[in-house]
Structures are given as structure tokens and as C-alpha cells.
Amino acid sequence: FDLETLAVRLVDELAGRSGRALASSVAVPPLTTVPGAVLPFFEGEIFAQAGRRPEAREAYERALMFDSTFAMASFRLSMLLESIGLREEAIAASDRAVGLSASMTEGERRRLDAWRAYEWGNVEQALPMFEALAASRAPDPDVWLTLAEIRFHWGPQLGVPRQEADSAFRALLGVTPD
């Protein structure tokens with residue numbers, strides 16, 4: 001088996017153990033070469049999807065203790081920290097992810113770039129980036145949530161009709177497990 005196949009099996013097993021089903025289209029990120037970092041990373045993903053933010057944070061941080069060069073763990077930790085209002089820590093984690101982004105796929109780098117534009121408040125730049133991600137990727141709840149939030153909160157200033165925010169929220173509901 002290759003590492004990606006093993007990671008998919010790990011996600012399936014972890015999701016089953018937690019009583020949650022992850023969307024079958026969840027893309028497996030480029031992984032660390034440090035085996036001990038894989039399990040806490042995917043635990044973080046499961047906790048984050050379940051809305052268990054403190055546990056997700058701890059899991060991502062544990063993954064980074066095993067491998068401080070794990071770009072996806074830094075990126076996902078950044079998103080989580082931003083969602084709980086820890087902006088300075090989020091930016092530090094995001095900066096770390098950018099510095100390590102050479103290990104990410106092109107698609108994940110585009111996602112990171114869109115996140116950075118959003119994180120820095122450049123919604124005019126972030127909006128088309130998230131629209132392109134939503135159109136080009138497998139259904140991704142994080143992409144649809146951020147797109148919906150941008151359209152809802154900044155849509156009127158950007159000339160985006162309210163119906164487009166509504167459609168993004170409907171799409172989000174269509175890709176989330178519950």
C-alpha cells in the first residue's frame with residue numbers, strides 16, 4: 001500500500017470509532033513523513049468536523065510536536081485558531097504553513113492562498129479564489145463555509161446578491177454529514 005491509501009483507511013477507521021462519517025470525497029492532504037504525526041492530524045480533522053475545537057486544537061498541536069514541518073497541520077491549526085478568535089496565533093500558524101507550502105499539492109496551496117487573502121481581510125481577492133475552489137474541488141465543507149460567509153457578510157459591499165450567499169449556504173448543507 002502507498003501512504004495515501006493507508007491514510008484513507010486510517011480516516012475511515014477513526015471516523016468509525018468516533019461514530020462519525022467523513023465525507024467520502026475528503027481529499028487526503030500531503031502527509032508528513034513522520035508516522036507519529038499522522039494519527040493526531042486526522043484526529044484533529046475529525047474533532048474539527050464535530051465542532052470539538054479544543055480537542056481539534058490539541059490534536060493538531062500534537063501532530064506538529066511530532067513534525068514541525070507538517071504544512072497541512074499548520075494550515076488546519078490556523079483555520080481553527082481563527083475560528084476561536086485567536087488571531088495572532090492563527091496568523092503565526094498560517095505564516096508557518098506558507099513557509100512549508102512546497103510540500104503541499106497545487107490545490108492545497110491555492111486553498112492556503114485563498115485562506116490567507118480572507119485571513120488578512122482582502123475579501124475582494126478571496127471571493128473569486130473561493131468561488132474557483134468551490135467549482136474545481138470535490139465538495140469541501142470548509143471552502144463552502146468560507147465562501148458563504150464572504151458572500152453573506154461582504155456581499156452587499158462587493159455587489160454580490162443575497163441569493164448567492166443563500167445558495168452557498170445550501171451547498172454547504174449538501175456537503176456536510178449532519
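Here are the numbers for this structure:
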| read-out | value |
| --- | --- |
| Within the accessible area of the stretch 52-178 (1.4 Å probe), percent carbon and sulfur | 55 percent |
| Label-point separation in nm, Ala135 to Arg162, each point 7 Å along Cα→Cβ | 2.6 nm |
| Point-to-point label distance, Arg87-Ala50, nm (Cα→Cβ direction, 7 Å offset) | 3.1 nm |
| Rounded accessible area per residue of the stretch 96-168, 1.4 Å, Å² | 50 Å² |
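The values are calculated or read from the model by the stated rules, or taken from the named source; none is laboratory data. Being a predicted model, the structure only gives us computed values, none of them experimental. Cβ: placed from backbone, ideal geometry, glycine included. Neighbour counts: every protein chain shown. With ligands, DNA and RNA removed, areas are computed over all heavy atoms of the protein, side chains included. Shrake-Rupley method; radii C 1.70, N 1.55, O 1.52, S 1.80 Å.
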